[in-house]
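Notes for the one structure printed next.
The values are calculated or read from the model by the stated rules, or taken from the named source; none is laboratory data. As the structure is a prediction and not an experimental result, all values here were calculated from the model. Because the Cβ atoms are built from the backbone with ideal geometry, glycine has one as well, and the counts that use them run over all protein chains shown. Areas reflect the complete protein model, heavy atoms only, side chains present, ligands, DNA and RNA absent. Shrake-Rupley method; radii C 1.70, N 1.55, O 1.52, S 1.80 Å.
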Amino acid sequence: MRQVIIIGSGPAGYTAAIYAARANLSPLVIASSVEFGGELMKTTDVENFPGFPEGVMGPDLMTKMQQQAERFGAEIVYDDVTSLELDGPIKAVTLGNGDRHEALAVIYATGSAYRKLGLPDEDRLSGYGVSWCATCDGAFFRQKTVAVVGGGDSAMEEATFLTRFADKVYLVHRSETFRASPAMLDRAKADPKIEFVTNASVAHIYGGELVTGVGVVDTVTGDERTLDVSGLFIAIGADPRTHLVHGMLDLTEHGTIAVEGRSSRTSLPGVFAAGDVVDPTYKQAITAAGSGCAAALDAQHYLEGLSDDVRQGANAETVSA
């Protein structure tokens, strides 16, 4: 039996692993067989993570975090969780290969998945003009023309933010009715750099090594035209990866895991959550990392409150394993 198992290997999961390992908790990190490293594995240059004045490639940053966690004694397993047992003092995690691991505490840091358009070239050009984060990638499009697809507050925020860099921003939406708040919509409409393309959906993404344009179809007439753009920012929402804990942990109205105040404590004792899976607002690598730190410290304090016999039993079983 472990002291703590961490599910997820993005900035939140690996930061939690670093802190838990330095506290001699010998964490087991379930990193996933496919999504290991989180969304940053799909990002090229990361210029806004502190400590890297020249920027850092997303996969390189996650590799460094992993190496730092392993340096302090974290164990990484590349498999997927198929089921969880979180009630009671002993938690159980079952993996795709059939292995079952037990722990006194679990940190759930599975992140979120950006919604996609489902177009053939979307994944191929991810990081090469297709992006889901203007804050992350906007600076790469100085004096260029880009498009944002979406109709909610996040799309308005992305488009408005991008005008700091781009000369022109198309905002493509499938109807003339927007989900965005009136204030956000009015701000975007008042920006001279933003051109609204309504009753339109993105049907094609063009480009060889980099995005060169998008094909948009008029949802009323069926006519198609091409927008010459260097970047496409997709802002149609993101879904926190909470499917494993539905019916086990309390969720918020946003679908994220509910935690107590600024802590990482969930509705079940000994279960903590961190990163985008609890954050419907900021969704940045640095905020996820800070959340992972909090989760590790909360787990450490929880474990310290358990009886010595229980904690020593976990230590003995971890060593024998």
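Assorted remarks:
- For the range 158-170, the criterion of being surrounded by fewer than 21 Cβ atoms within 10 Å (Cβ to Cβ), assigned to a helix (DSSP H, G or I) and on the phi < 0 side of the Ramachandran plot is met by at least one residue.
- Residue match in the range 13-36 (condition: in the same structural domain as I286 (by the TED database), touching a residue at least 12 places away in the same chain (Cβ under 8 Å), farther than 24 Å from R265 by Cβ and part of a helix (DSSP H, G or I)): no
- If you go through the range 171-194 and keep only what is in a loop (DSSP other than H, G, I, E, B) and of a type in the set (D, E), you end up with E176, D191.
- Counting only residues that are over 20 Å from A299 (Cα atoms), surrounded by 13 or more Cβ atoms within 10 Å (Cβ to Cβ) and in contact (Cβ under 8 Å) with a residue 60 or more places away in the chain, the range 82-95 holds 1 of them.
- Count of the range 43-57 residues which are touching a residue at least 60 places away in the same chain (Cβ under 8 Å) and open to solvent by less than 40 Å² (accessible area, probe 1.4 Å): 4
- Residues of the range 96-108 satisfying the condition of being within 18 Å of E35 (Cα to Cα) and either open to solvent by 10 Å² or more (accessible area, probe 1.4 Å) or free of Cβ contacts under 8 Å to residues at least 12 places away in the same chain (or both): G96, N97
- Selection count, the range 192-209, where residues are of a type in the set (D, E) and surrounded by fewer than 15 Cβ atoms within 10 Å (Cβ to Cβ): 1
- Among residues of the range 264-305, those that are farther than 12 Å from G10 by Cα, among the β-branched types (V, I, T) and crowded, with 21+ Cβ neighbours inside 10 Å, counted: 3
- Pair list, Cβ under 7 Å, 6 or more apart: the range 58-74 residue without any contact (Cβ under 8 Å) to a residue 60 or more places away in the chain and farther than 28 Å from G127 by Cα, other residue crowded, with 16+ Cβ neighbours inside 10 Å and basic (K, R): F72/R22
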